[in-house]
1. Roughly what angle does helix A:679-689 make with the longest principal axis of chain A, taking Cα atoms, 0 to 90 degrees, to the nearest 10?
2. Ignoring any ligand, DNA or RNA, what whole percent of the accessible area of the protein assembly as shown comes from carbon and sulfur when the probe is 1.4 angstrom?
3. Compute the accessible area per residue over chain A, keeping the other protein chains in place, probe 1.4 Å, unit Å².
4. What average number of partner chain Cβ atoms lie no more than 10 Å from the Cβ of the residues making up A:691-698?
5. Using a 1.4 angstrom probe on the protein heavy atoms only, line up A:TYR65, A:TYR343 by accessible area, largest first.
6. Using a cut-off of 20 Å between alpha-carbon atoms, which aspartates and glutamates can reach B:LYS164, once sequence neighbours fewer than 8 places away in the same chain are excluded?
7. As I understand it, the value is the acute angle between the Cα axis of helix A:9-29 and the longest principal axis of the Cα atoms of chain A; what does it come to in degrees, rounded to 10?
8. Using a cut-off of 14 Å between beta-carbons, work out the net charge of the residues near B:ALA87 (Lys and Arg +1, Asp and Glu -1, B:ALA87 not included).
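The values are calculated or read from the model by the stated rules, or taken from the named source; none is laboratory data. Values in this document were obtained by computation on a predicted structure and should not be read as measured data. Backbone-built Cβ (ideal geometry, glycine too); neighbour counts: all protein chains shown. Ligands, DNA and RNA are excluded from the accessible area calculation, which covers all protein heavy atoms including side chains. Shrake-Rupley method; radii C 1.70, N 1.55, O 1.52, S 1.80 Å.
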Amino acid sequence: MAPSPPRGLAIWSVALWTILLALIATTVSALDESQSGIIDWHHRWIGAPHMAANVRNVRGSNSVYVATDKNVIASIKAKSGELLWRQVLRENEIVHAIRAVTGNVVSLTGTRDFHVRLLDSKTGQPHWDFSPAGEGSSEFGQAVTSTREDGNLIVLNEGANVRKLNSKTGAQIWHWKAEAGSATTYFSVLEANAFAGAEDVVYVLGLQRGIAAFSLEVVALESATGKLVKTFNIKSKIDKVEDVLTLGGGSPLKNGYVAWLEQDYLKILNLGTDKPTQSTLKVLISDIPDFEQLQAPLTFVDLGLPEGYTQFLLAGTVGEYNDAKAAVLLEIDQSTGKAEIIYDFGERTGFSAWSATIIPGTEDVAVLRAYRNDPDIAILEVVNAKERKVTLEQEIPLDFEKFAHFTFASLEQYTKGQGVQTRIYFSTMDGSFHAFSDAESESWYREESLAYAKDVEIVDLPERKLWTQDVDEAGHVRSAKNESIVAHYIERLTSHVHQLKDLPAFLLSYANPSSLFTKAPVAVPYSEVQIGVNNTIQPLYRDQFGLRKILIFSTEKGKLIAVDSANKGQIIWSRFFSMGHDIKNIIIIRHANVRLPPVLAVIAQTEDGGKNKVTRMYRLNALTGKDYDSGNFFFPSASWIPAGYLNAFKLPIEDPDEKTQVLCLVDDRMHITTFPTTEPVEQAFKALSEDLYFTLENKIGGKEVSGYKAIVSAETDRMDVEPTWTVPFPEGEEIVALAERPSYEVMSSLGRVLGDRGVIYKYQNPNYATVITANKTPKNGMAPYITVYLIDTVKGSILYQATHENVGAEHKILATQFENNVVYTFWSEGETSTSAKGFQAVSLELYESNLRNQRIKSDTFSSFTAEKPHVIAQSFPFSQAASAIGVTTTKAGISAKDILFGLSRHSIMAINQRYLDPRRPTSAPTALEKEEMLIPYSPIPDDARLFLSYNLEVANIKKIVTSPTLLESTTVVVAFGQDVFVTRHAASKTFDILNEDFSKSQLVLTIVALAAVLFVTKPMVVNKQLRELWY
Amino acid sequence: MAAHNWKFDFAAPEPKRTIVDPPGFSGLKDVASKNQGNRGPVVDNELLKVKKAWDVALAPGKQLPMQAFMLWMSGNSVQIFSVAITAMLMFSPIKALMSMSQVFERYETPSPVKVSFMDSKLALPKVTFVALQLLTILFGMYKLNAMGLLPTSHSDWLAFMDPKTPLEYAA
């Protein structure tokens, strides 16, 4: 019997359609305007601080002002560690001093020039900038002090010029210059108590060059006019500027002192007199038992106290192995003018960092000593110098494996309620910056070591399904448990049942209800501090499209930091290779495999006790950063070679035991070591060595390029390196840029289709390199020129050579190479002084032949039989100054390629290859050229839409590295150098994924609705047909 | 199974004719022998058939100028209109060739003896018909080529080429 039609059907269907229409309406209104901050992230780094200034010290400042060796002056929020502002100075603009003055920050910077700036403490914007024309800076000849009466600044630069500047306007009040040709270099200025016959003087302290040593010279200038009052020449023998300390002063009423170490004596001069007091160091420290084992002469430690205080530290290396430091705190007795020991800090193993501050509400000094003698814990010790007792002894967790020793510390104390609160800022050897606070929640750390990133290796994450075959839900390795088949089966079954709970979520995610129930993802503001908090879920899995990767950075300081390319760049793990490890190379030798985690090889060069070079290799699990030790004798997690590093590269051999790619390491004895050294690997290497060619130590500044080959002799086990070819560059030329084709590149199309459907075939040599040399000072008065060489790295022949004359050699020259293309940029001065100057981007394309439809018939390519390529070249004016160059890479190489430029204006620009096509017609395009869709010749466009970094300031990009994803359209772009910026880029637009706007829910609901309608109407139709049969 | 109550025996003719023929029925006569004496119209019919067959055979040729004009009008770009016209140009001759025997069937003179194709009177029209249809196909091919849809150039085979294997490995 057929069901009778439901009576409310019409109402139901109307309701259903109404809901459907409403849904469509809502999805339209939820359009995502911008993806900024969702698909990309940007870490703003400043580098490791080595100077700090606090604007207020009574109630505690909101922020700490720091200067770093990356030439950055920054303000960091004291409570949270967030970056409030920063001033990124030019590459050679060293920060000499920062100082808090009248609530703002004064900075002394420069190398070839000199700048005094007053930076606003809230915004970092300069109120004024004073830069004397024609003056620079010298190594230690910069100092600043402020006068007590009017709060103006006394500034010293270049070791010779003393100025008084109005602190409000930056106007010069007076200028005193040392006599030209003077043998004295001044290093400090101090306002202090005047001598008889003078009022309000400023002392300028200098070191006069003598035959064997320096002698101290003190110049007294009138504070109001800058007139020279008197010069004191103090008879003394000083070895170096570090042996002199300026103490006290800071007011016309206070005594100023100079303390210096002269052989076995500590001498102290009261400024305004010419007779120093003298104490014998041995006598002075005779009461201190720790100094009995003194290994090296005592040195001063500058505590960074403000003017007016006369406390200072004397420290010395002690201990049997020169591995401990002992230190005493001294203070100058105002009546005798001699220094007395007021506190003995005792002996501590390892490095100590020191800082001092004034205890708020008093005139007393608190001194901080930060040190560690435990791998997990560091100790912060604060001593009240007046009461001569420890006021704070705090153990803080500080992993030696990640941070090692202290390099800099800054102590801040402020009153809160009744008590005194302490904040300690410190840098560690790896480059990171930390803060300790009495208030637990206000301790933080910034992984500033990322500012020193020099290389990155991108690791693909393992697939979840594969991973679970080896590791169960609890993270246990299956094979280790040794279970029966039944137990295995039960476990698998239960794990599948467990996974069922994810089913609804999976179904929902498949239907993408995000556009239904939630709004489009919104970029949440975050700070670099949060990424240090390790809250990444382990183990890590790949996402659906392989967009999530691990970026392993190696830094100049010897640290490895693994960063999640998603999740705003959370730090997954970090590891500091302790002192002296110069990380030369990091190579992924095994990608995530069915059963095995990815393995990273780290090759570092160190020195042993006898100053001999040692090359060390570590194998790490790239997911955890831990040593990867499989227990196999031939695969140790750490190994070493007693020789220096020359080169390390992957061979196209996989070892059968561990499925790692075999590494070839060439050391400076010209020996080859393969890793691992098992029998099958050796056999494979011997078979390969016939066809293996490599270059060594190609670096900027080189004068030639050489190729090498491995010699494997049957008699010995040793494998040596033999030079096969050398390309010496002409006199005066040296390498300024190098580029090689990325090894992982896939060439999808072998030719280029022309307008008439003919083909010119691409040059398919994978083994050629681009070398650009510059002659910066040619003879015969020529302007500097550069020469571009394309060199076959197998046989050393020059495939192509071009010279550009009138090049600005001081500008950065960059080159990149991909497929059959080479792109390089340089600054052109133009032929004459009046011709146009500017950056030029040159594009080269290499083809097998200049004739269309001509292909050399062969299935193989050998450099020894190949002919020279046909090269098409064109240069384009480029309006940007680039500091880094990269190119997008995709999985199959089908998508168009964008050339990525890191610009010196702190942004990243993507230029499509079509704009850098040397075949662009320079006259009106013909029909064939139009058919080929060539864009008529024009300069490289300068469009705001080409900037990947939109309005972000990505400071000092040194490298741009890209990695393909499982989506052919999309590339992961990593730009680093100081800041780290990671984004996804699709050069041909995202043609392989549905548009964000595409409403999957709408589609699914429509299908569901149709199915429902079908379900309802089908019985009706059947019913009707049946009735029709009856009548 | 029901029993046979009645039956006709078709093998034996009716023994006796009892029913009168209907009016206008002239009775069973030998038609063939009657026609034999009337030869003239038969020859005319044959000629007419051949003439008709020639008309049919030349019809595709008469369409060619019109089709050429349409091809010229539709342009060489790959668009739905030009593709539709070209497809029509390609498929209609094939269809016509397939149904050729039916087209010429009614002009066929049944012959008791087997006549070889070349001796038959329709041979020439048929060959002409096929040639003209092939010409139309060629027209379509020319159009396809002009539209760039024929894999005749190097670029069409580029995707199927294998990259060269490098013999040396450089690092």
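1. Result, in degrees: 90.
2. 56
3. Each residue of chain A exposes 47 Å² on average to a 1.4 Å probe.
4. Per residue, the average neighbour count from other chains is 2.
5. Numbers: A:TYR65 10, A:TYR343 40 Å².
Greatest to least solvent exposure: A:TYR343, A:TYR65.
6. B:LYS164 reaches A:GLU690, A:ASP691, A:GLU740, A:GLU745, A:ASP792, A:GLU819, A:GLU845, A:GLU848, A:ASP859, A:GLU867, B:ASP156.
7. Between helix and principal axis, roughly 40 degrees.
8. Details: positive: B:LYS95, B:LYS143; negative: none.
Spelling it out: positives minus negatives among the neighbours equals +2.
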